[in-house]
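Data block below; observations after.
The values are calculated or read from the model by the stated rules, or taken from the named source; none is laboratory data. From a predicted model like this one, the values you see are computed outputs, not experimental measurements. In this analysis, Cβ positions are derived from the backbone assuming ideal geometry, glycine residues included, and neighbour counts consider all displayed protein chains. When the accessible area is computed, the model is the full protein with side chains, heavy atoms only, and any ligands, DNA or RNA have been set aside. Shrake-Rupley method; radii C 1.70, N 1.55, O 1.52, S 1.80 Å.
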Amino acid sequence: MGVQENLIDTFAEFKELKNIDRSTLIGVMKEVFSSTLVKLYGEDSKFNVIVNDKTGDLEIWRTRTVVEDDDYDEIEDKYTKIPLSEAQKIDEDYEVGEEYSDEIRLQDFGRRAILALKQNLQAKIMEREKDNIYLKYKDRIGELITAEVYQVWKREILVRDEEGTELLLSKQDQIPSDKYRKGDTLKAVISSVELRNGSPIIKISRTSEKFLERLFEQEIPEIGDSGLITIKKIVRIPGERAKVAVESYDERVDPVGACVGMKGSRIHGIVRELHNENIDIVNYTTNMPLYIQRILSPAKISSLKIINEEKRVEVYLNPDQVSLAIGKGGLNIKLACQLLGYTIDVFRVSQEEDIDLDEFNDEIEQWVIDQLKAVGCDTALSVLELSKDELVRRTDLEDETIDDVIRILKAEFNK
């Protein structure tokens, strides 16, 4: 196989790349050949490089000026000139001063120059391919993709999307219960795209809130297609629990019901994709007390106090509702705080006869009572309902002082 055919094969190999268009490929080939020609024949030489965009066939035409034979012998740069006698061997009508064009075959370059040319061509095309991948996927951050697992390592998974582009799914971007083998398919969102040593590094995530948002858009037409429902905010602990605040622009559309679907048909698909992550869908409202009640569901709030300047809410519940508000492992209250953007402090409403703290000023110093009142503990039971650690955290009181207060209050009820 000749040199010409080798380079045509190279063109055929690279023209199938999905991330580089045909015109760019031809431009790179012309650039590389022109650079090689300059090295071989000098900067003043005139060449026309023609590449067939379908077959990769290559033609190189060199243009030289016809000069007298005697003048040619004295010219140092003979690459740009041709003696009259040589030109007239091709066509006897040539005259001095005219331009003479002839085709240069690749074989004329020499083996070493051809090898360097081919390597340079491959390097340039791969470089352009990497740049195009970076630019293309940089604009796709936050997009939902389906990809095939190609390689599984301890700390990350290498996957390939439908175009064959390699993407990375790190351990921290996987749901804890994710288990994949080579050949499996998975869904994720493109989370970041960066260039590292000239190569694009594309990372995907299954733990981000954006991933859950894209799943909602995919499964629920009122969010994805019609835009009747808007997702206001998503918070989640991947694989465990999530809270999604939604709002409808049409009073006739129940946003929570639309997201859940008939008998849970819509939300079940999302839950399965997230390996049974518990998803609470909350109807967003600007009515803050009502919103707090909704985000703490299924707990029923007895009363609450909103302290906006501290971005804090005090919530009072009957004893049987406290565990519901806090949730297993504290997940419900943690996510509720994140969704609201406020700290939520939970207090028990005692069913027993209570005693005002001021009644104890003969045993407890008034400044200590004032400290307790400042954090919402106005009565004896409201103090005893909190743990010692919680009292220390909320107040500036010493451990010993808290111990004394608890002992005095407990003694009163033990009577």
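Annotations
- Candidates Lys138, Lys154 - the one that is in contact with a strand residue (DSSP E or B) (Cβ under 8 Å, 6 or more places away or on another chain), farther than 16 Å from Val32 by Cβ and modelled with pLDDT of 85 or more: Lys138
- Among the residues of region 361-393, just one is in contact (Cβ under 8 Å) with a residue 40 or more places away in the chain and under 25 Å from Asn318 (Cβ atoms), namely Gly376.
- Matching residues, region 318-365, being at pLDDT 90 or above and in contact with a Gly (Cβ under 9 Å, 6 or more places away or on another chain): Ile333, Lys334, Leu335, Ala336, Asp345
- Any hit, region 240-257, residues being under 30 Å from the mean Cα position of the chain (by Cα) and more than 30 Å from Ile145 (Cβ to Cβ): no
- Scanning region 385-400 for residues that are surrounded by fewer than 17 Cβ atoms within 10 Å (Cβ to Cβ) and within 15 Å of Val368 (Cβ to Cβ) yields Lys388, Val392, Arg394, Asp396, Glu398, Asp399, Glu400.
- Flag if Asp403 is under 22 Å from Glu314 (Cα atoms), open to solvent by 50 Å² or more (accessible area, probe 1.4 Å), in a helix (DSSP H, G or I) and among the acidic types (Asp, Glu): no
Residues are listed down the side, and each one gets a yes or a no for (1) outside any helix (DSSP H, G or I); (2) open to solvent by less than 20 Å² (accessible area, probe 1.4 Å):
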| position | (1), (2) |
| --- | --- |
| Ala123 | no, no |
| Met126 | no, no |
| Tyr134 | no, no |
| Arg140 | yes, no |
| Gln151 | yes, no |
| Val159 | yes, yes |
| Glu163 | yes, no |
| Ile175 | yes, yes |
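- Qualifying residue in region 62-82 (condition: open to solvent by less than 40 Å² (accessible area, probe 1.4 Å), out of contact with any His (no Cβ under 9 Å at 6 or more places or on another chain) and closer than 20 Å to Ile26 by Cα): yes
- Inside region 177-191, residues that are in contact with a Phe, Trp or Tyr (Cβ under 7 Å, 6 or more places away or on another chain) and open to solvent by less than 40 Å² (accessible area, probe 1.4 Å) make up a count of 4.
- Each residue in region 178-201 was checked for being among the charged types (D, E, K, R) and within 28 Å of Lys124 (Cα to Cα), and 2 pass.
- Residue check for Ile114: more than 21 Å from the chain's Cα centre (by Cα), surrounded by 14 or more Cβ atoms within 10 Å (Cβ to Cβ) and not polar (S, T, N, Q): yes
- Taking the criterion of being over 17 Å from Glu103 (Cα atoms), modelled with pLDDT of 80 or more and acidic (Asp, Glu), the residues of region 28-73 that qualify are Glu31, Glu68, Asp69, Asp70, Asp71.
- Any hit, region 322-333, residues being closer than 28 Å to Glu277 by Cβ and among the polar types (S, T, N, Q): yes
- Only one entry in Asp345, Asp358, Asp354 is assigned to a loop (DSSP other than H, G, I, E, B) and either under 51 Å from the mean Cα position of the chain (by Cα) or at negative phi (or both), namely Asp354.
- Test result for Leu167, surrounded by 13 or more Cβ atoms within 10 Å (Cβ to Cβ), over 28 Å from Lys243 (Cβ atoms) and among the aliphatic types (A, V, I, L, M): yes
- The set of residues in region 192-218 being open to solvent by 40 Å² or more (accessible area, probe 1.4 Å) and either over 17 Å from Arg140 (Cβ atoms) or touching a Gly at 6+ places or on another chain (Cβ under 8 Å) (or both) consists of Arg196, Asn197, Gly198, Glu209, Lys210, Arg214, Glu217, Gln218.
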